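The structure appears below as structure tokens.
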Amino acid sequence: ASNTHAPDRLIIVDMGGTSFDVCLLRDGEPVMSTEIQVADQPIGVNGVEVLSVGAGGGSIAWIDSGNSLRVGPRSAGSQPGPACYGRGGREPTVTDANLLLGRLGSHGLLGGSMKLDVSRAAAAFDPISDSLGISPQRAAQGVIEIVVANMVRAIRTISVERGHDPRSYCLMPFGGAGPLHARDVAHSLGIREILVPPAPGIICAHGLVVSDLLEDFVDSVRLEVNDDGMAEIGHRLDALVARARAWYEQENIMPQTRTMQIRLDMRYVGQNFELAVPLDTPDASGPSVDLEKLRSRFFDVHEKTYGYFNPDDPIEIMNFRLTASGRLFPLAEDPSLQASVSPPVPSRSRQVVFDGDVAVDCPVFERKGLLAGQHVTGPAVIDQLDATTVLFPGDRAEVNGTGTLLINIGEKIP
């Protein structure tokens, strides 16, 4: 089924200068985990499950001891940055590769205020092309293919390896380099639809400003789920809710924005790992749960996760978790984009290499000039202040009422 108009299953990727971060959104909710690690150390805090790999616009291409081309994880960062920035960088990067292929233009970044030097990018690729005996453009193509393979491997880790078929998801790229590589990534995974938000390069900063406040409350205890334990379960849930309500008052959270989510970390007695079992949102009188409903919820989650459940084995709770959320200030509505039925007009054109060594003349559109209802058919490039989106031949992008680009991949893919 198509996810274009109401995507509730998203593979969300953020590609900046140094890293590539990916997470899944299922049924409109991000996948959460209590097994997050920082520098290989478990921190035991509930959070969005994000996998990061060293793949970004500044990732450096290099030749290993076997004379094979590699990309990353070392990055040129912002200083000195890619060679084409003209800030002293001399090593070839993913950004330099995109410039040599025309996917980025010498017109530059940041609305043209940051020029890119093609000659410096070509000079940086000379050692690689000489070592491999290929043209700088073909070397650049190889760099893009490798960095895409690294990104695809990361996506497979949190999707295919956990039983999720990426072909049933929609890809949402952001970060300065995300929309630039989204099509290659989607093609490799068999994904047919891409959503590019209005301001992909600053969406993380924007989200930090407008997102709700969240506070997690945890009560750890080993408590068997049976008739004798229900009174204790109810008491602990009431105590968590009371703590959350006190936090609301302390932080001056707007009453109409207050929400609570309760999850119990449950397992069969003797299991090594728990499953997060959601409970109903507590009402004004507090949380309510009965034994049969609690057991039924656990069985449902266990069956979805492992494919089976045993109704006769004893169950226990290891943690009571409550996430309280709310807002300090009203969130302004995003203004609707002006609509138009006339085709958009490109601002310029440039030569872009999509496959092989043959460049194609592509129109370049300014995203700020695209109106709701307009369509762009590839090959084409859509430039904006904070990102660049590439449409391959046959791809079709539609602008919706919020300014989001809805891209359908036209080429037949696996």
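The values are calculated or read from the model by the stated rules, or taken from the named source; none is laboratory data. Owing to the predicted nature of the structure, the values given are computational and were not obtained by experimental measurement. All Cβ positions, even for glycine, are placed from backbone atoms using ideal geometry, and neighbour counts span all protein chains on display. Only protein heavy atoms, including side chains, enter the accessible area calculation; ligands, DNA and RNA are left aside. Shrake-Rupley method; radii C 1.70, N 1.55, O 1.52, S 1.80 Å.
Of the numbered criteria (1) within 26 Å of Pro379 (Cα to Cα); (2) touching a helix residue (DSSP H, G or I) at 6+ places or on another chain (Cβ under 8 Å), the one Ser119 fails is (2). Annotation: of all residues in the range 289-320 being free of Cβ contacts under 8 Å to residues at least 12 places away in the same chain and under 24 Å from Asp238 (Cα atoms), the one that is farthest from the chain's Cα centre (by Cα) is Glu292.
Contact annotation: residue pairs with Cβ atoms under 8 Å, 6 or more positions apart or on different chains, pairing a residue in the range 80-91 that is within 16 Å of Pro127 (Cβ to Cβ) with a partner that is open to solvent by 60 Å² or more (accessible area, probe 1.4 Å) and in a loop (DSSP other than H, G, I, E, B), are Ala83/Arg90; Ala83/Glu91.
Matching residues to (1) farther than 25 Å from Ala149 by Cβ; (2) outside any loop (DSSP other than H, G, I, E, B); (3) open to solvent by 20 Å² or more (accessible area, probe 1.4 Å):
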| position | (1), (2), (3) |
| --- | --- |
| Leu25 | no, yes, yes |
| Ser52 | no, yes, yes |
| Gly57 | no, no, no |
| Asn67 | no, no, yes |
| Pro73 | no, yes, yes |
| Gly77 | no, no, yes |
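For every residue, the table says whether it meets (1) open to solvent by 70 Å² or more (accessible area, probe 1.4 Å); (2) of a type in the set (Asp, Glu).
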residue: Val221; (1), (2): no, no
residue: Met230; (1), (2): no, no
residue: His235; (1), (2): yes, no
residue: Ala239; (1), (2): no, no
residue: Ala244; (1), (2): no, no
residue: Glu249; (1), (2): yes, yes
residue: Ile253; (1), (2): no, no
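Taken over the range 48-76, the criterion of being under 15 Å from the mean Cα position of the chain (by Cα) and of a type in the set (Ser, Thr, Tyr) is satisfied by Ser52 alone. The one condition from (1) open to solvent by less than 40 Å² (accessible area, probe 1.4 Å); (2) closer than 18 Å to Asp184 by Cα; (3) of a type outside the set (A, V, I, L, M); (4) in a helix (DSSP H, G or I) that Arg103 does not meet is (4).
Does Ser106 meet the test of being of a type in the set (S, T, N, Q) and farther than 28 Å from Leu405 by Cα? Here the answer is no, as Ser106 does not meet what is asked.
Quick one: would you say Val381 is without any contact (Cβ under 8 Å) to a residue 60 or more places away in the chain, in contact with a Gly (Cβ under 8 Å, 6 or more places away or on another chain) and of a type outside the set (S, T, N, Q)? So Val381 fails the test. Does the range 238-271 hold any residues that are in contact (Cβ under 8 Å) with a residue 40 or more places away in the chain and closer than 20 Å to Phe299 by Cβ, and which are they? Hits for the range 238-271 are Ile262, Arg263, Leu264, Asp265, Met266, Arg267, Tyr268, Val269.
From the list Leu331, Leu322, Leu337, the one residue that fits, being at pLDDT below 90 and in contact with a helix residue (DSSP H, G or I) (Cβ under 7 Å, 6 or more places away or on another chain), is Leu331.
For Asp14, the conditions (1) at pLDDT 85 or above; (2) of a type in the set (Asp, Glu); (3) exposed (fewer than 14 other Cβ atoms within 10 Å of the Cβ); (4) touching an Asp or Glu at 6+ places or on another chain (Cβ under 8 Å) all hold with the exception of (3).
Criterion applied to Leu132, Leu171, Leu195 was being surrounded by fewer than 19 Cβ atoms within 10 Å (Cβ to Cβ), in contact (Cβ under 8 Å) with a residue 12 or more places away in the chain and touching a strand residue (DSSP E or B) at 6+ places or on another chain (Cβ under 9 Å), and the one residue passing it is Leu132. Can you find even one residue in the range 278-300 that is acidic (Asp, Glu), more than 30 Å from Gly163 (Cα to Cα) and modelled with pLDDT under 95? Looking for residues that are acidic (Asp, Glu), more than 30 Å from Gly163 (Cα to Cα) and modelled with pLDDT under 95, one finds at least one in the range 278-300, hence yes.
Looking at the range 9-19, can you tell me whether even one residue there is outside any loop (DSSP other than H, G, I, E, B), more than 19 Å from Asp184 (Cβ to Cβ), touching a residue at least 60 places away in the same chain (Cβ under 8 Å) and within 23 Å of the chain's Cα centre (by Cα)? The answer is no, given that none of the residues of the range 9-19 is outside any loop (DSSP other than H, G, I, E, B), more than 19 Å from Asp184 (Cβ to Cβ), touching a residue at least 60 places away in the same chain (Cβ under 8 Å) and within 23 Å of the chain's Cα centre (by Cα). Only one of the listed residues (Gly72, Gly105, Gly17) is closer than 26 Å to Asn408 by Cβ and among the small types (Gly, Ala, Ser). That residue is Gly105. State yes or no: is Ile382 among the aliphatic types (A, V, I, L, M) and either open to solvent by 40 Å² or more (accessible area, probe 1.4 Å) or in contact with a helix residue (DSSP H, G or I) (Cβ under 7 Å, 6 or more places away or on another chain) (or both)? So Ile382 passes the test.
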